[in-house]
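The structure under discussion appears below in the form of structure tokens.
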Amino acid sequence: MLSKSKGPQYCYGYVRVSTAKQVKDGTSIESQKRAIEGWVTRNGHELVMIQYDAGVSGTLEISKRPGLSEIMINMKKGDLFVTLSMSRMGRNYGESYRIFEKIRDNGCYLISVEEGHDTSTPAGIMTMQIMSSIAEMQATQISQYAKESAESFHRLERHTGGVPYGYTLKDPSRSGSGLIEDPEQQKVIELIREMRKKEDDKGQLTSFNKIAIYLTEQHIPTPKNGKTWNRNTVANIHDRYKVATKGREDIGSLI
């Protein structure tokens with residue numbers, strides 16, 4: 001049961017929809033708005049405003065959500081943040097909990113109408129603590145899964161991530177297969193490194209910009225099959241010193 005013991009309080013409603021269709025037809029927006037207004041009326045509180053973030057992902061931080069940012073600026077200690085459900089705040093427990101922390105740190109309370117969460121009560125606080133534990137567990141599981149997947153690919157001699165310049169997949173039809181050297185691109189890499197070693201009359205190494213101009217004049221395709229090289233691409237290729245053909249182990253940039 002949501003608490004009424006604090007008497008009338010100022011409420012700030014938050015509505016979010018993530019898809020263009022929901023924004024266009026307005027159904028989800030209106031249903032959320034009605035649910036928030038109904039809760040405020042039933043509990044004898046005062047609705048100050050309802051802010052909307054239409055077509056906005058639940059993964060975005062507060063500063064990138066105009067509606068949510070407006071609420072955070074205006075809410076004062078003791079006010080209530082009212083939303084239809086936790087899923088309107090964030091895509092998962094972790095993202096929702098981070099927003100709740102901001103609400104709590106401002107001395108305000110979170111109300112989730114559908115789930116019945118009310119952090120002005122001991123039960124509501126306990127619910128948020130449980131959510132925090134679930135969010136931490138999810139993050140740990142995702143991290144562990146990613147690590148195990150990378151190790152598995154390495155054992156199978158399969159490359160993970162983008163294919164770096166100078167290499168190609170052993171089997172192009174099989175995503176994630178190991179890498180083999182591309183002879184033509186390896187020649188370009190060697191050319192870049194040899195040109196870089198040369199010094200001018202002042203003892204200065206050949207600039208990456210000059211190398212880029214030369215490669216462009218020679219009509220050598222860029223890593224993305226473009227016609228014009230730039231100094232950053234040349235520098236990244238020159239500075240990458242190791243590529244593991246069983247998986248990504250190099251520290252430098254992959255082009």
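When each of E148, E157, E101 is tested for being among the charged types (D, E, K, R), part of a loop (DSSP other than H, G, I, E, B) and either out of contact with any Phe, Trp or Tyr (no Cβ under 6 Å at 6 or more places or on another chain) or modelled with pLDDT under 85 (or both), the lone residue that passes is E157.
For M126, the stated conditions do not hold, so it cannot be described as closer than 30 Å to L84 by Cα, assigned to a helix (DSSP H, G or I) and modelled with pLDDT under 80. One residue stands out in segment 209-241 among those that are in a loop (DSSP other than H, G, I, E, B) and touching a residue at least 24 places away in the same chain (Cβ under 8 Å): the one that is farthest from the chain's Cα centre (by Cα), namely I220. Taking residues in segment 37-57 that are without any contact (Cβ under 8 Å) to a residue 60 or more places away in the chain, and partners anywhere that are β-branched (V, I, T), the pairs with Cβ atoms closer than 6 Å and at least 6 places apart or on different chains are L47/V40; Q51/I71; Y52/V15; A54/V17; A54/V23; G55/V23.
Do the conditions hold for K210, that is, is it among the charged types (D, E, K, R), in the same structural domain as G166 (by TED's automatic domain parsing) and touching a strand residue (DSSP E or B) at 6+ places or on another chain (Cβ under 8 Å)? So K210 does not fit the description; no.
The values are calculated or read from the model by the stated rules, or taken from the named source; none is laboratory data. Since the model is a prediction, treat every value here as computed from it, not as a measurement. Neighbour counts run over all protein chains shown; Cβ positions are idealised from the backbone, glycine included.
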